Amino acid sequence: MPRWSPNTLRRAMNWWPPYRFAGIRVLHIADDWSSARVRLRLGRLNRNYFGTHFGGSLFSMSDPFWALLTVSRLGGEYVVWDKAAEIDFVSPGRGEVFADFKLTEDRLEEIRAATTDGGKALPWFENTVTASDGTVVARVRKQLYVRRKQAPRA
């Protein structure tokens, strides 16, 4: 189903202007699409008035990954969209910050079970953005819309 390999997508995202100029770097996407790791460095283009990470950059580094991992693991039989998002800024981000994403087979089974009869699933996923020393900078929640594609009508 994935149009690109994880490594090709990682390299493309690192050249994508919104990520490149915000200082966001995709460090890793697992070969089986089960996890990803992203880094954000503090720089002139993503520093806010207070000298800390701009909140939009903190959110951007987390934005696409739950949907990308989910659609890549479920395959082309599913429609996956972002539905809602929340971010809680816990402490000022300075220096390098990281976001890790791990999509388990248990979560995928929950989604498959919820969509077996053609219904939709609206799962929530959570990740933290942490500083190099482990301090939590932000907590991000994303809700996805997932549904099996309908067979074409004759």
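The values are calculated or read from the model by the stated rules, or taken from the named source; none is laboratory data. Since the structure is predicted, the reported quantities are computational estimates derived from the model, not experimental observations. When we count neighbours, we look across all protein chains shown, and the Cβ atoms used for this are built from the backbone with ideal geometry, even at glycine. The area values use the complete protein model at the heavy-atom level, side chains included, leaving out ligands, DNA and RNA. Shrake-Rupley method; radii C 1.70, N 1.55, O 1.52, S 1.80 Å.
A search for C-beta distances below 7 Å between a residue of region 60-77 that is closer than 18 Å to Ile24 by Cα and any residue that is of a type in the set (Gly, Ala, Ser) and at pLDDT below 95, counting only pairs 6+ apart in sequence or on different chains, returns Ser60/Ala22. For region 23-41, a tally of residues being touching a Pro at 6+ places or on another chain (Cβ under 9 Å) and either of a type in the set (Asp, Glu) or assigned to a loop (DSSP other than H, G, I, E, B) (or both) returns 4. Could you please give the count of residues in region 30-49 that are farther than 22 Å from Leu103 by Cα and open to solvent by 10 Å² or more (accessible area, probe 1.4 Å)? Number of matching residues: 8. Every test in (1) modelled with pLDDT of 95 or more; (2) open to solvent by less than 60 Å² (accessible area, probe 1.4 Å) is passed by Leu27 save one, and that test is (2). Among the residues of region 50-59, are any in contact (Cβ under 8 Å) with a residue 12 or more places away in the chain, among the polar types (S, T, N, Q), assigned to a strand (DSSP E or B) and open to solvent by less than 60 Å² (accessible area, probe 1.4 Å)? For region 50-59, residues in contact (Cβ under 8 Å) with a residue 12 or more places away in the chain, among the polar types (S, T, N, Q), assigned to a strand (DSSP E or B) and open to solvent by less than 60 Å² (accessible area, probe 1.4 Å): absent. Looking at region 136-154, is at least one residue open to solvent by less than 50 Å² (accessible area, probe 1.4 Å) and modelled with pLDDT under 95? No, because not a single residue in region 136-154 is open to solvent by less than 50 Å² (accessible area, probe 1.4 Å) and modelled with pLDDT under 95. Considering only residues in region 70-108 that are under 21 Å from Tyr49 (Cα atoms) and of a type in the set (A, V, I, L, M, F, W, C), the one that is most open to solvent (accessible area, probe 1.4 Å) turns out to be Phe89.
Step by step: first the residues of region 2-22, then only those that are assigned to a loop (DSSP other than H, G, I, E, B) and closer than 12 Å to Trp33 by Cα, then the one that is modelled with the highest pLDDT. Which residue is that?
Ranking the qualifying residues of region 2-22, first place goes to Ser5.
Pairs linking a residue in region 81-102 that is on the phi < 0 side of the Ramachandran plot and modelled with pLDDT of 95 or more to a residue that is open to solvent by 80 Å² or more (accessible area, probe 1.4 Å) and not in a loop (DSSP other than H, G, I, E, B), with Cβ atoms under 8 Å and 6 or more positions apart or on different chains, are Ile87/Arg139; Asp88/Arg139; Val90/Arg139; Phe98/Arg37; Ala99/Arg37; Asp100/Arg37; Phe101/Arg37.
So, in region 1-42, of the ones that are of a type in the set (D, E, K, R) and touching a strand residue (DSSP E or B) at 6+ places or on another chain (Cβ under 9 Å), which residue ends up nearest to Val71 (Cα to Cα)? Ranking the candidates gives Arg10 first.
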